[in-house]
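The values are calculated or read from the model by the stated rules, or taken from the named source; none is laboratory data. Since the model is a prediction, treat every value here as computed from it, not as a measurement. Counting neighbours? That spans all protein chains shown, and the Cβs are built from the backbone with ideal geometry, glycine included. The area values use the complete protein model at the heavy-atom level, side chains included, leaving out ligands, DNA and RNA. Shrake-Rupley method; radii C 1.70, N 1.55, O 1.52, S 1.80 Å.
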Amino acid sequence: AADMSGEMLDELVIARPIEATDLLRRWYWQKPEGGTTPQTKIYIILHSMKKETLVELYRCFTAMERRQMHEIFSKKRTVVKSEILATRGEFMQRLSQTFT
């Protein structure tokens, strides 16, 4: 299930890179409210993508945002499978809502 959601995430991000970067920007500035922190969610999403998808996504960020995302990407975090699947699901659901 994790691999399938990763593939679906890649396809959705490639189809909607601007919307994906906007959502990650919103998460970046969001205050932690308990549960998975916004920065951990970003970490999960960035690590869920293939390198090619990540490169395409990074093209939509400003230079400063790329540095911020890379900082999150590079900081080792411990996450569990359920957290990964829940975060991917939330991201894809929110990204899919931009189609309407």
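Taking residues in region 57-77 that are farther than 16 Å from TRP27 by Cα and open to solvent by 40 Å² or more (accessible area, probe 1.4 Å), and partners anywhere that are among the aromatic types (Phe, Trp, Tyr) and at pLDDT 95 or above, the pairs with Cβ atoms closer than 6 Å and at least 6 places apart or on different chains are ARG77/TYR43.
Scan region 78-100 residue by residue and report those that are touching a residue at least 24 places away in the same chain (Cβ under 8 Å) and β-branched (Val, Ile, Thr). Scanning region 78-100 gives VAL79, ILE84, THR87, THR98. Criterion first (open to solvent by less than 50 Å² (accessible area, probe 1.4 Å) and either under 10 Å from the mean Cα position of the chain (by Cα) or not polar (S, T, N, Q) (or both)) does GLU11 satisfy it? The answer is no for GLU11.
Going by the structure shown, is GLU71 more than 20 Å from GLU19 (Cβ to Cβ), at pLDDT 95 or above and under 14 Å from the mean Cα position of the chain (by Cα)? Break it down stepwise before answering.
On the way: more than 20 Å from GLU19 (Cβ to Cβ): yes; at pLDDT 95 or above: yes; under 14 Å from the mean Cα position of the chain (by Cα): yes.
Considered against the rule, which asks whether it is more than 20 Å from GLU19 (Cβ to Cβ), at pLDDT 95 or above and under 14 Å from the mean Cα position of the chain (by Cα), GLU71 comes out as yes.
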